[in-house]
1. Quote to one decimal, in nm, the extra length available between E37 and D157 on full extension: 0.36 nm per residue of separation minus the C-alpha distance between them.
2. In Å, what Rg and Dmax follow from the Cα atoms of the range 172-240?
3. Output the peptides 158-164, 115-121, 141-147 sorted from most to least packed, where packing is the average of other Cβ atoms within 10 Å over each peptide's residues.
4. Quick one: pull the percent of accessible area on the range 94-171 belonging to carbon and sulfur, 1.4 Å probe, ligands and nucleic acids left out.
5. Give me the tail of P(r) for the range 117-212 as a percent: Cα-Cα pairs with distance above 23 Å.
6. Can you give the log10 of the normalised intensity I(q)/I(0) at q = 0.23, 0.31 Å⁻¹, computed with Debye over equal Cα scatterers of the range 75-127?
7. Sort all Cα-Cα distances of the range 163-210 into consecutive 5 angstrom bins from zero, then give the percent of pairs in each bin up to the one containing the longest distance.
8. If you scale each eigenvalue of the Cα gyration tensor by 5 and take the root, what three semi-axes come out for the range 38-147, rounded to whole angstrom and sorted largest first?
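The values are calculated or read from the model by the stated rules, or taken from the named source; none is laboratory data. Note that this is a predicted model, so its numbers are computed, not measured. So basically every Cβ, Gly included, is an ideal-geometry build from the backbone, and we count neighbours across all protein chains shown. Ligands, DNA and RNA are stripped out before the accessible areas are found, and what is left, the full protein with its side chains, is counted by its heavy atoms. Shrake-Rupley method; radii C 1.70, N 1.55, O 1.52, S 1.80 Å.
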Amino acid sequence: MPSSRHPVVHITIIDPVVLDGQVLIDPAPEIPGAVIERRSLAFGTASVESRWDDAFAAPGIIDAAIRAEAAGADAVVVNCMEDPAVDAAREVVRIPVVGPAEAGMHLALCVADRFSILTTEAADIPIVREMVERHRLERRCASIRAVGLPVLGIGADESDTLRRLTAAAHAAVEDGAAAVVLGCTLFASLTDRLAAELPGIPVIDPLSAALHHALTLVRLGVSHSAVGYPAPDAKRISWPAGDVRFGPAAAEGSALAEGGAHSEGSVR
C-alpha cells in the first residue's frame, strides 16, 4: 500500500484511436503506487501508423489531456510509439505528458550503449527514424527493424507475431544493438517471451517505461518546462465539431458551441 510519503499517483493513459467497441488494447501494466485510467478518442482513426493518423489523432489527444488534468489526473501517457501530439499537449497542460517512444529509448540507454527499435511495417521506418533524429539519438540507435505486420494485425496470430519479433530482434543484435525497444505498445504482452529468446539483451516495453517514468516525475514533483513548452497565446479557434475542448475556457462553457464552433480564451 502507498505510504503517506508516497501517495497514490493517478495516471491517465490516452489511447489515441477510436475503438468502436473493438477490443484492440491490451490491459495496462500494473504499476505499484499508481491508479490508471484509460481514455480513447471519440474521433480519429482505428490505428496510428502514419503521419496521416498522427494528424487525425492530435486534436483528440489534446482534448483528452486537458480533460484528464481537469478531472484530477497527476500525469498523462499517450499510448503510441509515435508519441503523437505529446509536445502539443505539453503546451496546454502542466501535469507531465509522457510518450512511450521517448521514455522507452531513454530507458534503453540506461542499460545499453546502443538500442534498436522493432516496429510494425517497413512503411513506419521513416517515421521512427524521424523520431530518433528529433531526440538526437541517431548514433545510439543501431537500427530500426520492421516485423512486417500492420498494427491491426498484431493480435491475429500471437505465435506468428512472436516469431517475427524474434527474427527482427536477432537481426537487430547483429546490427550492434545491446537492447531492443518494442516499436508498438501492442507488442507489450510478448515482452517476457521475447526476452527469453534474447538472453542478456534487455527488451523494453515502452508503455511500462512511460508509466514508470510518469510515476517518477509526479513523485519528484517535476513536470515539463514552461520555457521549453510555453502555452500558446489566447486566440479564436474555429472547429467543425462542438465537443472538443482546447482549454479551460471550453471547460467553463464559454467556447465550442454546437456546429461550426469557435473558442476564445487561454488554452492554459
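1. Full-extension gain reported as 40.4 nm.
2. In order Rg, Dmax, the Cα atoms of the range 172-240 give 18.7, 56 Å.
3. Averaged packing, sorted descending, gives the order 115-121, 141-147, 158-164.
4. That share works out to 50 percent.
5. 17
6. Results for the range 75-127 at q = 0.23, 0.31 Å⁻¹ read -0.93, -1.16.
7. 5, 23, 38, 24, 10, 1
8. 26, 17, 10
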